[in-house]
Amino acid sequence: EDEEVKQALVRFMGKLTPANVERALNFGWNVTSDPCRDKWQGVSCDSQLNSVRKIVLDRINLTGDFDAAALCMASSLLVLSLNDNNIGGEITQEILNCQYLTHLYLSGNRFWGSLPDNFSRLCNLKRLDLSDNNLSGQLPDLSRVSGLLSFHAQDNQFSGEIPEIDFSNLLAFNVSNNNLNGVIPDVKGRFGENSFSGNPELCGKPLPKACPMPPPAEKESKSSSKNRFLIYSGYGLLGLVVVLFVAFKLIKKRRPKTEKSNNVVEANNSTNKASKNSRDFKTSMGNRSEYSITSIESGMVSSSLVVLSSPMVNGLKFEDLLRAPAELVGKGKHGSLYKVELGGGVTLAVKRIKDWEIGKEDFKKRMMRIDQVKHPNVLPAMAYYCSKQERLPVYEFQQNGSLFRLLHGNFILTRLIIVESRFLVLADGCIVSSATDWDFGSQNGQVFGWESRVSIAASIAQALAFMHDELRSDGIAHGNLKSSNILLNKDMLPCISEYGLMAVDESRPTDPFKADIYGFGMILLELLTGKVVQNSGFNLASWVNSVVREEWTVEVFDKALISEGASEERMVNLLQVALKCVNPSPEARPSTSQVATIMNSIKEEEEERSISSAP
Ligand SMILES: Nc1ncnc2c1ncn2[C@@H]1O[C@H](COP(=O)(O)OP(=O)(O)OP(=O)(O)O)[C@@H](O)[C@H]1O
């Protein structure tokens with residue numbers, strides 16, 4: 001584990017160990033050892049990256065204060081379980097740094113104070129247990145944590161109303177014995193009285209206490225008409241501000257443009273300068289590049305680099321991009337990908353999209369809209385460039401590569417591999433070692449085990465469901481979901497990249513959201529079989545289907561999974577999900593939220609299994 005993380009974890013434990021308690025020798029948690037290599041008590045790590053993924057320290061009489069800032073330096077933590085100890089203190093804002101947490105169990109301690117605002121940013125949570133503490137303030141708004149399976153907050157001092165929540169996805173829910181008030185939201189008949197009892201001010205089903213009728217609307221008290229007056233004066237004031245703002249803008253527009261906005265930087269404003277940039281760029285790329293920004297050459301002043309919400313590239317200009325050393329990483333069906341070294345440790349991935357008939361304004365609107373929707377497992381664009389001919393979204397370069405590379409190791413672009421007398425053309429741009437067949441499940445020598453595969457698939461499904469939910473009304477699906485567009489971030493956690501960058505093909509009336517489900521199904525097949533999905537000659541989905549029909553299902557699975565001892569029954573379960581997703585008829589495919597729920601429970605089962613077998 002990283003030295004800084006290790007020291008932070010030691011600090012975290014330092015506050016939980018009373019001075020007079022001797023720990024067993026193998027307890028670990030000291031600076032002279034490593035949490036992963038030396039197997040600190042209660043710690044489980046990711047086998048590939050040696051980073052801490054689980055901390056399970058239930059019922060060992062930990063006493064002291066909870067230091068979320070230190071703990072969440074281990075930002076890739078998935079499971080934290082500290083049930084039934086004697087831990088006090090507040091759950092501070094820094095808990096949000098543990099953004100990948102799926103299980104948070106803090107029951108039976110002395111936690112106090114309110115939960116941080118934005119607690120729902122822990123949007124990967126599946127199980128949350130805060131019961132039997134002294135927590136107060138509002139319950140967290142969990143409506144955005146779409147994969148939540150259980151929520152326990154009983155026996156605390158939470159107050160206020162119960163926030164809106166979709167009870168239909170929850171397996172367990174309990175907020176009894178608090179100080180909650182107001183009307184219980186519709187629990188869809190899923191939970192009984194015991195989940196809500198012990199809150200004298202709560203009313204409505206399933207409690208026997210009916211809620212009072214709301215006061216009739218026409219009876220208006222003096223204070224409410226005063227409020228209404230204040231609201232109307234507020235609107236008036238707001239209107240005045242808007243009018244003044246518009247007038248100011250109009251006057252400003254008449255004057256010659258001298259200033260540039262901080263975020264939106266005009267790429268250039270003179271032909272001479274523009275062609276110099278173009279020359280610079282070509283020099284830096286040498287002969288490797290076919291990356292030339294034609295609108296710059298023709299001196300288009302309207303070309304601009306728009307920096308989105310990324311402090312890392314604040315103030316970045318298009319010229320900076322052009323001048324930086326760049327390297328062609330790969331060419332896909334829909335464009336080319338360049339790695340651009342900006343210096344100062346900042347490396348960008350610039351995608352040059354090919355053949356996309358989208359207008360400039362539509363492209364900008366789309367990029368802006370996608371930027372408003374954030375999920376920790378979706379790679380946000382940092383900036384984009386848009387000119388007459390070019391559409392160039394800019395991302396942070398992910399050094400750990402893609403899921404494609406993790407699964408299939410190193411290949412060379414357009415390498416031909418013979419499979420059952422057919423040729424496969426691979427679309428990834430990596431360098432080949434030696435390949436005579438296409439069974440590369442663990443080609444790169446690393447074990448990419450069953451649990452990690454399930455976890456990656458569940459995170460993708462979760463993130464996809466979130467994005468679909470947020471962007472469905474705008475009609476923006478991913479459009480090109482495949483394993484080379486699933487990147488692994490610095491913590492080796494999956495991030496969907498290039499969301500929404502593909503044109504909807506008008507000639508194929510398939511619902512783009514259902515097309516994403518197909519893409520997800522293909523990723524599942526790749527994870528299960530360890531085989532390459534290609535774009536010519538061989539169809540993995542129909543091959544899997546045919547093998548399954550012949551009832552030698554086990555033949556399809558990745559040999560690496562079989563030799564790891566992964567359960568055939570569980571692999572078959574997942575295979576069934578995959579086959580539903582790749583059903584040739586889009587209507588027969590499950591919805592994204594169904595897929596996310598199924599994937600969650602599969603992952604959940606795996607995690608419960610591994611928590612119960614943790615040291
Ligand atoms: N931000 C990034 N960081 C690191 N590698 C990336 C990044 N984005 C893409 N890549 C990798 O660069 C290579 C080329 O990507 P590119 O998106 O151009 O092609 P593709 O995904 O194979 O095909 P398509 O054109 O259909 O999207 C792929 O191996 C991809 O995984």
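The values are calculated or read from the model by the stated rules, or taken from the named source; none is laboratory data. A quick note: this is a predicted structure, and the numbers were derived from the prediction, not measured. Quick reminder, even Gly has a Cβ in these numbers, built from the backbone with ideal geometry, and neighbours come from all protein chains shown. Note: areas computed on protein heavy atoms with side chains; ligands, DNA, RNA excluded. Shrake-Rupley method; radii C 1.70, N 1.55, O 1.52, S 1.80 Å.
Using a Förster distance of 56 angstrom, determine the FRET efficiency expected from the C-beta separation of Gln389 and Ser136, and round it to 0.05.
On the way: r = 59 Å, r/R0 = 1.05.
The formula returns an efficiency of 0.45 here.
Expressed as a whole percentage, what fraction of the accessible surface of the range 3-203 belongs to carbon and sulfur atoms when a 1.4 Å probe is rolled over the protein heavy atoms?
Looking at the range 3-203 in its full context, I get 43 percent from C and S.
Provide the FRET efficiency to the nearest 0.05 for the Glu193-Glu357 pair, computing r from the beta carbons and using R0 = 45 Å. Provide the component values of the computation, followed by the final result.
On the way: r = 59 Å, r/R0 = 1.31.
The value I calculate is 0.15.
Any idea how far apart Asp469 and Asn314 come out in nm if each label point goes 7 Å out from Cα toward Cβ?
With each label point 7 Å from Cα toward Cβ, the separation is 3.1 nm.
Convert each backbone phi in the range 147-154 into a coupling constant with the Karplus relation 6.51 cos²θ - 1.76 cosθ + 1.60 (shift: θ = phi - 60°), then list the ³J(HN,Hα) values in order as whole Hz, x for Gly and Pro.
Karplus-based 3J(HN,Hα) across the range 147-154 equals x, 5, 9, 9, 9, 10, 9, 5 Hz.
From Cα pairs below 8 angstrom and at least 6 apart in sequence, can you work out the relative contact order of the range 3-203, rounded to a whole percent?
Values: 496 pairs, mean separation 23.8, N = 201.
Once divided by the residue count of the range 3-203, the mean separation gives 12 percent.
Expressed in nm to one decimal, what extension gain is obtained for the pair Glu4 and Glu201 from 0.36 nm per residue of sequence separation less their Cα-Cα distance?
On the way: separation 197, 0.36 × 197 = 70.92 nm, distance 4.73 nm.
Between Glu4 and Glu201, full extension yields an extra 66.2 nm.
List the GluC sites (Glu not before Pro) in the range 161-216 that DSSP assigns to loop (not H, G, I, E or B) and whose Cβ has at most 16 other Cβ atoms within 10 Å. Which are they? Could you put the intermediate results ahead of the total?
Numbers: sites: Glu161, Glu164, Glu193, Glu201; in loops: Glu161, Glu164.
Here the sparse-neighbourhood loop sites are Glu161, Glu164.
Given all pairs of different Cα atoms, what value in angstroms does the Kirkwood hydrodynamic radius of the range 3-203 take? Don't skip to the end; give the middle numbers.
Details: mean 1/r = 0.0569 Å⁻¹.
One decimal place: 17.6 Å for the Kirkwood radius.
May I ask you to derive the relative contact order of the range 28-70, considering only C-alpha pairs under 8 Å and at least 6 residues apart, and to give it as an integer percent?
Details: 38 pairs, mean separation 10.6, N = 43.
Contact order relative to length: 25 percent.
List every residue whose amide H lies under 5 Å from the amide H of Gly137, counting only residues 5 or more places away in sequence or on a different chain, with H placed 1.01 Å from N in the peptide plane.
So Gly137 has HN proximity to Ser159.
Once both labels are modelled 7 Å past Cα along the beta-carbon direction, what's the Ala210-Asp117 spacing in nm?
Roughly 4.0 nm, to one decimal.
Given labels modelled 7 Å from the Cα in the Cβ direction, how far is it in nm from Ser33 to Gln93?
It works out to 3.6 nm between the two label points.
Out of Ile91, Trp112, Met13, whose Cα points farthest toward the positive end of the dipole of the range 3-203 (charges: +1 Lys, Arg; -1 Asp, Glu; placed on Cβ)?
Comparing the listed Cα positions along the dipole, Met13 ranks first.
Starting from the amide H of Ile87, placed 1.01 Å from N in the peptide plane, find each other amide H under 5 Å away whose residue is 5 or more places distant or on another chain.
Arg110
For Glu587 and Lys490 in one chain, what is 0.36 nm times their gap in residues minus the Cα-Cα distance, to one decimal in nm?
Values: separation 97, 0.36 × 97 = 34.92 nm, distance 3.72 nm.
So the chain would gain 31.2 nm between Glu587 and Lys490.
Please list 3J(HN,Hα) in residue order for the range 156-163, calculated via the Karplus relation 6.51 cos²θ - 1.76 cosθ + 1.60 where θ = phi - 60°; whole Hz, with x for glycine and proline.
With coefficients 6.51, -1.76 and 1.60, one gets 9, 10, 4, 10, x, 8, 7, x Hz.
What is the dipole size for the range 3-203, taken about its Cα centre, with +1 at each Lys and Arg Cβ and -1 at each Asp and Glu Cβ, in debye to the nearest 20? Walk me through the intermediate numbers first.
On the way: 16 positive and 23 negative charges, 123 e Å.
It works out to roughly 580 debye.
With a probe of 1.4 Å, find how much accessible area the range 1-134 has per residue, and write the answer as a whole number in Å². Mind dumping the intermediate values first?
On the way: 5470 Å² over 134 residues.
Here the residues of the range 1-134 average 41 Å² of exposed surface.
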